[in-house]
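Student: Once you've had a glance at the structure underneath, I'll fire off some questions.
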Amino acid sequence: MEYFPITVRLQDQQCIIVGGGEIAHRKLKSLLKAQAKVSLIALDFSLDVRALAEQYQLPLYQQDFNEKLSGKLLDEAYLVIAATDNRELNQQVSVAARRRRVWVNVVDDLDLSTFIMPAIIDRSPLLVAISTGGVSPVLARKIREKIEWLLPTNLGQLLSKLKAYRPRIKKKFPDLKSKRDFSEWYIEQAITDPTVIKNGFDANLETYQAINAGNQKGKVYLVGAGPGDAELLTVKALKVLQTADVVLHDALVSEQILEQVRRDATLVHVGKRAHNHSVTQDETNRLLVQYAKQGLSVVRLKGGDPFIFGRGGEELEVLVAAGIDYEVVPGITAASGCASYAGIPLTHRDYAQTVMFITAHCANSIDKLNWQSLAREKQTVAIYMGLLRNETLVSNLMEHGRDGATPIAIIENGTLPEQRVVRGTLQQLSGLVKQYQIVSPALIVFGEVTVLADRLGWYQHSTLLGAQVKLSENDEDLVLRKVS
């Protein structure tokens with residue numbers, strides 16, 4: 001280990017920055033955040049540095065650095081930062097500081113530094129520091145970004161609560177194991193549910209004791225998994241998945257997403273496919289209540305968003321009737337996610353001023369559709385679960401006035417590496433489904449905006465297929481062209 005990680009209390013410690021430009025300004029902000037006393041030495045200072053110096057009443061020494069002039073400051077310094085673009089000057093600062101055994105950091109120069117500054121995630125009093133040994137600050141920042149969004153924003157509040165609870169925990173739990181068990185439970189609960197932090201110690205203790213007595217109900221999280229790409233999970237969804245005891249998931253939830261679930265959680269497949277309803281909705285409802293009554297953290301994981309053709313409302317009604325606590329974590333719905341990955345804006349000033357989401361998974365839903373409204377021009381219609389009834393869709397739309405030359409797109413496995421986008425016209429829909437052997441999951445989008453997939457499709461894994469329609473430059477005529 002070339003560098004030993006250490007955290008230093010800089011409050012009221014005298015620190016010196018040599019330099020007055022952008023880098024000096026950045027380092028100055030970091031030191032001020034640590035409540036250090038800072039002096040700056042430079043021939044000139046930027047407006048940003050001067051503004052901070054005035055705000056915090058910091059001394060600015062507008063002079064060239066040399067050891068003789070700056071010796072007294074260096075003698076009193078706790079640490080020094082050289083933040084100039086002059087290596088000879090930086091070397092002078094480094095030599096002068098090391099001669100006095102004062103810590104020195106020369107920005108972007110490991111050889112002249114006795115300490116380096118890591119990338120920091122600040123959840124004060126919690127700090128997470130990432131260091132690459134000074135080799136690549138950019139990589140350290142990238143790693144920080146990835147960790148940053150995983151960590152709850154309330155960890156600082158949690159630590160403050162733990163500090164306040166510490167004497168009471170020590171008094172209430174006589175042995176080390178019971179102290180640790182309660183603390184682990186409380187931390188897990190507070191990370192998953194921020195409202196726990198607002199509860200008093202007695203309320204949390206009562207809940208903990210009820211769980212240990214075996215009479216505490218669990219909680220159900222209704223979570224939207226998004227259209228498929230695991231990176232489209234919300235931060236909250238990921239946190240809930242990583243703390244769940246049981247996950248009841250649909251068939252459309254991708255393997256990428258299931259890999260994000262806590263390793264020791266129980267996975268229960270409750271998915272439904274056309275002509276293959278392996279688990280009925282009533283059975284799914286029963287399982288949700290059953291697991292929750294065991295005091296478990298239960299996730300009902302649905303593709304897309306649970307409140308858009310996901311029967312989420314029906315499941316919540318069951319939970320309410322059973323007196324089960326629940327929370328909804330929305331997800332990116334398929335129409336939004338898949339269309340975006342196909343380069344199809346659902347609305348566009350020139351092509352579509354409205355967008356409609358419909359489902360066509362059963363004859364009953366088809367019968368309830370307002371075909372006259374769906375057939376209007378200058379709007380986008382996204383059809384969920386419409387493959388099996390594509391012929392009915394085409395005939396009804398054309399019967400109610402939608403032009404058979406209306407551009408359409410079929411997006412198979414949207415947002416996933418195997419995504420395919422098949423483009424054509426409304427009257428070609430059934431033929432395209434057969435020709436390209438389109439299978440579920442697939443989203444059908446029709447409307448003038450779908451032609452933009454030709455130019456706006458950006459997803460590198462996507463395959464664009466089919467007889468495509470392109471609007472002419474004046475947007476008045478539809479011109480068919482074949483894409484190989």
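Here, each number is a calculation from the coordinates, and none is a lab measurement. Owing to the predicted nature of the structure, the values given are computational and were not obtained by experimental measurement. Here the Cβ positions follow ideal geometry from the backbone for every residue, glycine too, while neighbour counts run over all protein chains shown.
Student: For segment 272-357, which GluC sites (Glu not before Pro) are both in a DSSP coil and crowded by at most 13 other Cβ atoms within 10 Å? Each step should come with its number before you reach the end.
Tutor: Numbers: sites: E283, E314, E315, E317, E327; in loops: none.
Loop-located and lightly packed - none at all.
Student: At q = 0.06, 0.12 Å⁻¹, what base-10 log of I(q)/I(0) does the Debye formula yield for the chain when every alpha carbon is treated as an equal point scatterer in vacuo?
Tutor: Once normalised to I(0) and log-transformed, intensities are -0.46, -1.03.
Student: If you take every DSSP beta bridge fully contained in the chain, what fraction is antiparallel? Give it as a percent rounded to 5.
Tutor: Details: 27 of 71 bridges.
Roughly 40 percent of the beta bridges in the chain run antiparallel, per DSSP.
Student: For the residues I143, I324, what sequence is obtained by ranking on other C-beta atoms within 10 Å, fewest first? Write out the running numbers ahead of the final one.
Tutor: Details: I143 16, I324 19.
Ranking I143, I324 by Cβ neighbours within 10 Å, fewest first, gives I143, I324.
Student: Does segment 219-332 classify as rounded, prolate or oblate by the C-alpha gyration tensor (a ≥ b ≥ c root eigenvalues; a/c under 1.5 gives rounded; else a/b over b/c gives prolate, otherwise oblate)?
Tutor: Judged from the Cα gyration tensor, segment 219-332 comes out rounded (a/c under 1.5).
Student: Loop-only check: which GluC sites (Glu not before Pro) in segment 341-448 are DSSP coil with at most 13 other Cβ within 10 angstrom? The partial results should precede the final answer.
Tutor: Working: sites: E377, E391, E399, E412, E418, E448; in loops: E377, E418.
Those satisfying the criteria are E377, E418.
Student: Among H461, H249, rank each residue by its count of other Cβ atoms within 10 Å, from fewest to most, as a rough exposure measure. Provide the component values of the computation, followed by the final result.
Tutor: Values: H461 13, H249 23.
Fewest to most other Cβ atoms nearby, the residues stand as H461, H249.
Student: Next up: For helix 312-322, report the angle its Cα long axis makes with the longest principal axis of the Cα atoms of the chain; keep it between 0 and 90° and round to the nearest 10°.
Tutor: Compared with the principal axis, the helix lies near 80 degrees.
Student: Please report the spacing between the Cα centers of segment 148-183 and segment 196-230 in Å, no decimals.
Tutor: The distance from the Cα centre of segment 148-183 to that of segment 196-230 comes to 16 Å.
Student: Moving to a separate point now. Give the share of C-alpha pairs in each 5 angstrom bin for segment 392-462, from 0 to the last occupied bin, in whole percents, shortest bins first.
Tutor: Per 5 Å bin, starting at 0, the Cα pair percentages come out as 3, 17, 27, 25, 17, 8, 3, 0.
Student: Hey, another quick one. Tell me which aspartates and glutamates have Cα within less than 13 Å of K33's Cα, excluding those fewer than 8 residues away on the same chain?
Tutor: Output for K33: D12, D122.
Student: From the backbone phi of segment 425-432, what are the Karplus-calculated ³J(HN,Hα) couplings (6.51 cos²θ - 1.76 cosθ + 1.60, θ = phi - 60°) in whole Hz, Gly and Pro given as x?
Tutor: The phi angles translate into 10, 4, 5, 8, 3, 4, x, 5 Hz.
Student: How large is ³J(HN,Hα) for each residue in segment 224-240, as worked out from phi by the Karplus curve 6.51 cos²θ - 1.76 cosθ + 1.60 (θ = phi - 60°), to whole Hz, x for Gly and Pro?
Tutor: Karplus values, whole Hz, x for Gly and Pro: x, 8, x, x, x, 5, 4, 6, 8, 4, 6, 4, 5, 4, 4, 4, 5.
Student: Can you tell me which lysines have their Cα less than 23 Å from the Cα of K434? Leave out same-chain residues fewer than eight positions away.
Tutor: Counting by Cα, and skipping residues close in sequence, K434 has these lysines nearby: K272, K470, K482.
Student: First check a/c for segment 14-117, with a ≥ b ≥ c the square roots of the eigenvalues of its C-alpha gyration tensor; if it is under 1.5, answer rounded, and if not, answer prolate when a/b is larger than b/c or oblate otherwise.
Tutor: Numbers: a/c = 1.39, a/b = 1.37, b/c = 1.01.
Judged from the Cα gyration tensor, segment 14-117 comes out rounded (a/c under 1.5).
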